[in-house]
1. Of all residues in segment 132-145, count the ones that are open to solvent by 70 Å² or more (accessible area, probe 1.4 Å) and touching a helix residue (DSSP H, G or I) at 6+ places or on another chain (Cβ under 7 Å).
2. Take segment 123-145 and flag every residue that is part of a helix (DSSP H, G or I) and of a type in the set (D, E, K, R).
3. Can you find, within segment 46-61, the residue that is modelled with the lowest pLDDT among those that are part of a helix (DSSP H, G or I) and over 13 Å from MET76 (Cα atoms)?
4. Between a first residue in segment 75-95 that is farther than 25 Å from TYR57 by Cα and a second residue that is open to solvent by 80 Å² or more (accessible area, probe 1.4 Å), which pairs have beta carbons less than 9 Å apart while being 6 or more apart in sequence or on different chains?
5. Out of (1) within 25 Å of the chain's Cα centre (by Cα); (2) surrounded by 12 or more Cβ atoms within 10 Å (Cβ to Cβ); (3) not polar (S, T, N, Q), the odd one out for ASP72 is which?
6. Taking LYS129 and the conditions (1) within 30 Å of GLN23 (Cβ to Cβ); (2) open to solvent by less than 50 Å² (accessible area, probe 1.4 Å), which numbered condition does it fall short on, given that it satisfies the others?
7. Hey, can you tell me all the residues within segment 81-117 that are surrounded by 16 or more Cβ atoms within 10 Å (Cβ to Cβ) and more than 20 Å from the chain's Cα centre (by Cα)?
Amino acid sequence: MRSFLFSLGLFLAVLIFSCSQKQDYKQIRTEVVAVHDKVMKDADLAYAQRKVVDSIYRQPKSAGGVSLSRADSLNMLLLIAEIDKANHQMEEWMDSFEPDVSGKSDAASIAYFHSELKKIRNLDQHFRKVMVRSDHFLDSLKQGK
């Protein structure tokens, strides 16, 4: 009797633990959307930085602009291109993202949202890197005045 109760208890514990560990695609989708919302804020900040960099690049020194070396000018163009690339990648991701998984199995939905979570996290890293690079560059221009 004692071994039966032990076995039953063990079975119930395993059953409860395995049920609580089952992933729900809705939870993963919610996480994808939360990361997307953060990335959108970062994209707005990156675009604002792009406008600052572009205005500095386009304003000649004779009009009160900053005196730029060729290396600074090249860095600014590369930075603008990198921000544009990140924004383009974000637009592509948003165009292809499909939050409605009607007709897909739970397993297929979970796999899809895990894949999308990886993509949006990569975009998040890309925006963070580009913003850090932009911050450092703009700081270097302030110090160079």
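The values are calculated or read from the model by the stated rules, or taken from the named source; none is laboratory data. Worth saying up front: this structure is predicted, and the values here are computed from it rather than measured. Because the Cβ atoms are built from the backbone with ideal geometry, glycine has one as well, and the counts that use them run over all protein chains shown. Ligands, DNA and RNA are stripped out before the accessible areas are found, and what is left, the full protein with its side chains, is counted by its heavy atoms. Shrake-Rupley method; radii C 1.70, N 1.55, O 1.52, S 1.80 Å.
1. 1
2. Answer for segment 123-145, where residues must be part of a helix (DSSP H, G or I) and of a type in the set (D, E, K, R): ASP124, ARG128, LYS129, ARG133, ASP135, ASP139, LYS142.
3. The first filter runs over segment 46-61 and keeps only residues part of a helix (DSSP H, G or I), leaving 46-58, 61.
If we keep only those that are over 13 Å from MET76 (Cα atoms) too, we end up with 46-48, 61.
Details: ALA46: 94, TYR47: 94, ALA48: 95, LYS61: 65.
My answer is LYS61.
4. Close Cβ pairs (under 9 Å, with a partner that is open to solvent by 80 Å² or more (accessible area, probe 1.4 Å)) amount to TRP93/LYS119.
5. Tallying (1) within 25 Å of the chain's Cα centre (by Cα); (2) surrounded by 12 or more Cβ atoms within 10 Å (Cβ to Cβ); (3) not polar (S, T, N, Q), ASP72 fails exactly one: (1).
6. Unmet condition: (2).
7. VAL101, SER109 - these are the residues of segment 81-117 that are surrounded by 16 or more Cβ atoms within 10 Å (Cβ to Cβ) and more than 20 Å from the chain's Cα centre (by Cα).
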